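The values are calculated or read from the model by the stated rules, or taken from the named source; none is laboratory data. Keep in mind the model is a prediction, meaning the values are calculated, not measured. When we count neighbours, we look across all protein chains shown, and the Cβ atoms used for this are built from the backbone with ideal geometry, even at glycine.
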Amino acid sequence: MTIDLILTNAKAYVNDRIVDCSLAIDQGKIFKIGRESNMPKTETKIDLKNLLVLPGLIDVHVHLRDQGKEYKEDFYSGTAAAAAGGITTVLDMPNNKPVTMSVEALRKRVKIAERKILVNVGFYSEFPKNITETEEIIREGAVAFKLYMAEQIGGLNIDDDHKLLETFKMVSKLKVPVAVHAEDKTTLKRVEEEYKRANCNDIDAFLCAHSEKVELTAVKRLLSIAKQTNVHIHFCHISTRNGLKAIVDAKKSGMTTTCETTANHLFLSVEDLRKIGTLALTMPPIREKHHIVALWNGIKNNFIDILASDHAPHTLDEKKAESIWDVKVGTPGLETTLPLLLTKVKHGQLSITDVVRLMVKKPSEVFKLKGRGCLKEGNIADLVVVDLDMKYKVDATKFHSKAKYSPFDGWNVEGKPVKTFVGGRLIMDEGEIIGEAGNGEIVRRE
């Protein structure tokens, strides 16, 4: 028997430890892991020169734009950025143009993506206006629903607790998560309007509007409603100590709830935000240092399930608006998240096991992405090869993303993804995209 490819001289993360081995890949899957002498025949070998092989990373919070927002990002540039960052699967958020909130909108978005994507892509849907369509949307392929509590985006009235309860009961039967942006719209908009009337339009005004209370109020409200159902609530980009504590308490009480945070909220503080300015503006915003400590403790204690980039690209003009209220929130993160984590690994503040848990194992479990949670025979051959010893500076001008800015621009990092394989095909090699558009697969829940 002759197979497609063998990766030799690898140090692979297998069964929760790093082992010296070769990996045989055939028809897009991992055929065999073992000694080179035990590998089947192949005409193609790649010597990895003792570099570390990890299962391809899964980023569950990405805004790929496209569809009228191509000037910010499109499916090709966004998935090129993912491949360059060692990420082989991304889950795309629904606040698009049009909003992904119907079978028709989802079907159209998938059709556009199929011919452009370099890595695997799954899709969230917002809730439809007619809640009975939820089952059909999941059948069409959505991996989860997204609920924005900071503003009305989808078809579900976020101000109506009864409607939320009704919807959560229905979704719990479908056994799909509801991913939530937890900021309380009522409090947020009231404070924001007060500052606008007073002509206060700086970063401090934004921080006051998007306060810790705004996050905590939304988290508690959603947990209270969800407690009456069996729905799985997944809290996106948690940023505060008390918000995390409320989620941890809910977990301990037996509720099915998970949460994520982002590199922005782990690596940056309010002091950084004030120094960098609006290029680092996100929603929820970067917090004070005691929140950062709480988030790192949450990772250490396995309270935080997932780390995501919340890749949210904009143009530089959109990031530099005169009034803080006109600045588009969000930063690109697909190409910086893994290098930042690997730098922590090199400094002994994080383990490879932590990285795999946060960005591979738990994402695949929560969103039920079959065959992608680890390196094992029979699993899909989504792999990233990293050089833990490579030191370099983040240079946003060289991003594959259309967003050529980053709050981490100029940072010294140690550890870089150097090869990315998607379905057994080499897509990124030494920073260069060598795969073809359309290589990625549209992923659905198992």
Note on the stretch 191-210: residues within 21 Å of Glu271 (Cβ to Cβ), without any contact (Cβ under 8 Å) to a residue 12 or more places away in the chain and of a type in the set (A, V, I, L, M, F, W, C) are Cys200
Residues of the stretch 92-141 being of a type in the set (Val, Ile, Thr) and under 22 Å from the mean Cα position of the chain (by Cα), in sequence order, are Val99, Thr100, Val110, Ile112, Ile117, Val119, Val121, Ile137, Ile138
If you go through Arg35, Arg17, Arg65, the only one that is without any contact (Cβ under 8 Å) to a residue 24 or more places away in the chain and within 29 Å of Glu260 (Cβ to Cβ) is Arg17
Subset of the stretch 175-193, residues more than 24 Å from Lys213 (Cα to Cα) and either crowded, with 18+ Cβ neighbours inside 10 Å or outside the structural domain of Thr256 (by TED's automatic domain parsing) (or both), comes to Val176, Pro177
**Message:** Quick check on Ile292: is it closer than 27 Å to Arg357 by Cβ, part of a helix (DSSP H, G or I), among the hydrophobic types (A, V, I, L, M, F, W, C) and without any contact (Cβ under 8 Å) to a residue 40 or more places away in the chain?
**Reply:** yes
Sole miss for Leu388 among (1) assigned to a strand (DSSP E or B); (2) in contact with a His (Cβ under 9 Å, 6 or more places away or on another chain) is condition (2)
The number of residues in the stretch 108-153 that are surrounded by fewer than 15 Cβ atoms within 10 Å (Cβ to Cβ), among the polar types (S, T, N, Q) and part of a helix (DSSP H, G or I) is 1
The helices (runs of 4 or more DSSP H) lying entirely within the stretch 154-214 that contain at least 3 residues which are within 20 Å of His291 (Cα to Cα) and among the aliphatic types (A, V, I, L, M) are 203-209
Just one listed residue, out of Leu216, Leu207, Leu222, Leu165, is in the same structural domain as Leu307 (by TED's automatic domain parsing), buried (at least 23 other Cβ atoms within 10 Å of the Cβ) and out of contact with any Leu (no Cβ under 7 Å at 6 or more places or on another chain), and it is Leu222
For the stretch 403-415, the count of residues that are outside any loop (DSSP other than H, G, I, E, B) and either under 18 Å from the mean Cα position of the chain (by Cα) or surrounded by fewer than 17 Cβ atoms within 10 Å (Cβ to Cβ) (or both) equals 1
Residues of the stretch 215-232 being touching a residue at least 60 places away in the same chain (Cβ under 8 Å) and under 22 Å from the mean Cα position of the chain (by Cα), in sequence order, are Glu215, Ala218, Leu222, Val231, His232
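Condition check ((1) touching a helix residue (DSSP H, G or I) at 6+ places or on another chain (Cβ under 6 Å); (2) of a type in the set (D, E, K, R); (3) part of a helix (DSSP H, G or I); (4) assigned by TED's automatic domain parsing to the domain that holds Thr420) across all residues:
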| position | (1), (2), (3), (4) |
| --- | --- |
| Pro313 | no, no, no, no |
| Lys328 | yes, yes, no, no |
| Leu341 | yes, no, yes, no |
| Lys344 | no, yes, yes, no |
| Val355 | yes, no, yes, no |
| Arg372 | yes, yes, no, no |
| Ser401 | yes, no, no, no |
Arg107: passes all of (1) among the basic types (Lys, Arg); (2) in contact with a His (Cβ under 6 Å, 6 or more places away or on another chain); (3) over 24 Å from Asp317 (Cβ atoms) but (2)
